[in-house]
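The values are calculated or read from the model by the stated rules, or taken from the named source; none is laboratory data. Note that the structure is predicted; figures quoted are calculated from it, not measured. Note: ideal-geometry Cβ built from the backbone for every residue, glycine included; neighbour counts use all protein chains shown. Quick note on the areas: whole protein, heavy atoms, side chains included, nothing else; ligands and nucleic acids left out. Shrake-Rupley method; radii C 1.70, N 1.55, O 1.52, S 1.80 Å.
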Amino acid sequence: MARTRLYRDGVLVAEDFPAAEVSDHLADPGATVWLDLCAPTEEDLATISEELSLHKLAVEDVVQDHQRPKVDRYDTHSFLTAYAVRLDIAAGTLEAVEMDAFITERALVTVRENDHFDISEVLSRWDETEELAKSGVGYLLHGLLDYVVDSHFEAVQSLDEQIEALEDLVFDDEVDHREMHRRSLHLRKSLVRLRRVVLPMREVVNSLMRRDHHVCDSELMPYYQDVYDHVLRASEWTESLRELVTTVRETQLNLQANRLNTIMKKVTGWAAIIAVPTAITGFYGQNIPYPGVDRPWGFWVSTAAIVTFSAGLYALFKRKDWL
């Protein structure tokens, strides 16, 4: 499945024409063409590679999944790999969808591994900034990068909200610790995965802003700078959240250890109190004569000793906050 657009002198003149006509339109010096391929076959890639003279290493990178976000420069074109992300709020897991792009002088070819990458959002961004279309491929690439980076920013913001909610549960008396451990682990894994796709984008955007790439002209420079600013904020936010979720995890473990210590103090205190009557009654249960044996006052003395020592230990432990 392929989608296409044709801009001529900064004006959208055709859309969804056959992919076989791409090379014909590129014969016009004033034309800028966009071609999108969703889950293409090797034959589709071979055809586009032949028409646009794409480097075989770049085509191999499209076939191989899980490439690092990057920009590779060849003689006739550049090759871009980036990832759009989406956070599953209920599960706390992150989904990353790879998108590859061949950037030539007057054509942008995007390759998506599946339809989870919402290309309609990219189209809407292009339609909202039609006044920049005269900048050619740089205009198309800006809309694509803007969508990708915004997905990173939205994911970081959602993760921040999830971690804040996790913080509120840390000091809750009635909390499902198993569920909290699972949630914190999933959020940490999502942050690690997000970091892998966000941090390299600083180098990607910065590289495309260089004039030797001939992608970003003077009119597009402020827009690329804005995207770069979002990349920096998302990457810094991601780093701070990694530290925060680690702190939440450590705080939770420390609180559990403190609760266990408190319980152990209480159990030990009550055991010491119970040991008093056990010791006294055990002494009086020996088969030897003892003071007060067979006398009423002996019973009352032992009972008074039990009450006195037990009450004294209770008051002592209570004052030391052991009970």
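Worth a mention:
- Couplings 3J(HN,Hα) of the stretch 242-251, computed from phi: 4, 5, 5, 5, 5, 5, 4, 4, 5, 5 Hz, in residue order, whole Hz [Karplus 6.51 cos²θ - 1.76 cosθ + 1.60, θ = phi - 60°; x for Gly and Pro].
- Dipole of the stretch 74-187 computed with +1 at Lys/Arg Cβ and -1 at Asp/Glu Cβ about the Cα centre; of Ala82, Ala155, Ala101, farthest Cα towards the positive end is Ala101.
- Every helix of 4 or more DSSP H residues in the chain counts as -39500 (n - 2.57), and over all residues that averages to -20500 deg cm²/dmol at 222 nm.
- Within the listed set Ala101, Ala14, Ala155, the Gaussian network model of the chain (springs between alpha-carbon atoms below 10 Å) gives the highest mean-square fluctuation for Ala14.
- Bins of 5 Å from zero: percent of alpha-carbon pairs in the stretch 110-191: 3, 12, 17, 15, 12, 10, 9, 9, 7, 4, 2, 1, 0
- Three-way shape label, the stretch 1-157, alpha-carbon gyration tensor, a/c 1.5: oblate
- Contact order for the stretch 1-160, expressed relative to its length and based on alpha carbon pairs under 8 Å spaced 6+ residues apart, stands at 23 percent.
- Taking the chain and dividing mean pair separation by its residue count, relative contact order in percent (alpha carbons under 8 Å, at least six apart): 14 percent
- Heavy-atom accessible area order for Leu253, Leu37, largest first, 1.4 Å probe: Leu253, Leu37
- Listed residues Asn114, Asn261, Asn206, most fluctuating in the chain (Gaussian network, C-alpha, under 10 Å): Asn261
- Placing a label point 7 Å from the Cα of Val11 along the Cα-to-Cβ line, the residues of the stretch 116-149 whose backbone N sits under 14 Å from it are 131, 133-134.
- Among Ala20, Ala84, Ala311, residue whose mean-square fluctuation peaks in a GNM of the chain (springs only between Cα atoms under 10 Å): Ala311
- Between Asp217 and Glu250, the FRET efficiency from the beta-carbon distance, with R0 = 51 Å, is close to 0.55.
- A Förster radius of 41 Å combined with the Cβ-Cβ distance from Arg178 to Thr308 puts the calculated FRET efficiency at roughly 0.35.
- With a 1.4 Å probe rolled over the protein heavy atoms of all chains, the accessible area of His214, His152 falls in the order His214, His152, largest first.
- Sorting Tyr147, Tyr139, Tyr314 by solvent-accessible area of protein heavy atoms yields Tyr314, Tyr147, Tyr139, largest first, with a 1.4 Å probe.
- A DSSP coil position with no more than 11 other Cβ atoms inside 10 Å describes the following GluC sites (Glu not before Pro) in the stretch 87-182: Glu174.
- Remark: the stretch 76-83, residue by residue, has Karplus-estimated 3J(HN,Hα) of 9, 6, 10, 10, 10, 10, 8, 9 Hz, where x stands for each Gly or Pro and the curve is 6.51 cos²θ - 1.76 cosθ + 1.60 at θ = phi - 60°.
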